[in-house]
Amino acid sequence: MRLLTLLLLSAALLPGQPRYARLGEFQGQVEVQLTAADAWMPAERNLPLMQSAWLRTGPAARLEIELDDGSVWRLGPDSQGEISDYTRLSTGQRITLLSLDRGSSYFTGEPKGKDVVMVVMPGAQAALSQGSRIRVDVQPTWSQIAILEGQVRFSAPVAEMDMREGTTARVEPATPSRFFLYPEVTAAPLDRWRED
């Protein structure tokens, strides 16, 4: 019986079919690094993106990435992010982990069934629990997440909580004991682009 349990557990943890995201619309200088061993190359529309792909934008550039579950991740100017985990388990469950290292990004999506969707920034992370739209900003000394619509589970070294629409949280990675929660979302210059 124990052997059967181990076999079933290992089968459930094996990856299923590979997942691919797609590089959609973009403007300006956008570069992609498909794996850590690859050189950075200019972006191409409809380029398939897999787990571990890095993307970066130059000044005044922006890009849109379409995920296989219908979600959209947008990077603004002078931004860099990674599709850190993008797997499908043999059970069909999809794991999506997007990391923003610097700049601004918008994520719009909804986890389906038992899927896991997370956006990570220096000092914090947010797991979507329902259909949501969020804005993440990363600067050299702070990271911030604004909930434009929906709800996320926010986690940082000093706090873990559900954040609802219309709230903003800021952390300072160099000072993990500091945490700020604001009862509003301040408008940002790129908000219009996300709405369009």
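The values are calculated or read from the model by the stated rules, or taken from the named source; none is laboratory data. Computed from a predicted model, the values in this text were never measured in an experiment. Positions of Cβ are generated from backbone atoms using ideal geometry, with glycine treated the same way; all protein chains shown enter the neighbour counts. Side chains are part of the model used for accessible areas, which takes the heavy atoms of the whole protein and leaves out ligands, DNA and RNA. Shrake-Rupley method; radii C 1.70, N 1.55, O 1.52, S 1.80 Å.
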Checklist entry - Residues 118, 161: which one is modelled with pLDDT of 95 or more, among the aliphatic types (A, V, I, L, M), surrounded by fewer than 20 Cβ atoms within 10 Å (Cβ to Cβ) and part of a strand (DSSP E or B)? => result 161
Item to check | Verdict on residue 186 being modelled with pLDDT of 95 or more, farther than 22 Å from residue 53 by Cα and open to solvent by 80 Å² or more (accessible area, probe 1.4 Å) | outcome: no
Checklist entry - Which of the residues that make up region 62-102 are among the hydrophobic types (A, V, I, L, M, F, W, C), within 15 Å of residue 135 (Cα to Cα) and surrounded by fewer than 21 Cβ atoms within 10 Å (Cβ to Cβ)? => result 72
Next on the checklist: Can you say whether residue 56 is among the basic types (Lys, Arg), surrounded by 16 or more Cβ atoms within 10 Å (Cβ to Cβ) and without any contact (Cβ under 8 Å) to a residue 60 or more places away in the chain, as far as the supplied structure shows?
Outcome noted: yes
Checklist entry - From the set of residues in region 39-56 that are assigned to a strand (DSSP E or B) and either acidic (Asp, Glu) or more than 18 Å from residue 120 (Cα to Cα) (or both), which is nearest to the chain's Cα centre (by Cα)? => result 49
Checklist entry - Filter region 103-112 for residues that are in a loop (DSSP other than H, G, I, E, B) and open to solvent by 30 Å² or more (accessible area, probe 1.4 Å); which is nearest to residue 143 (Cα to Cα)? => result 110
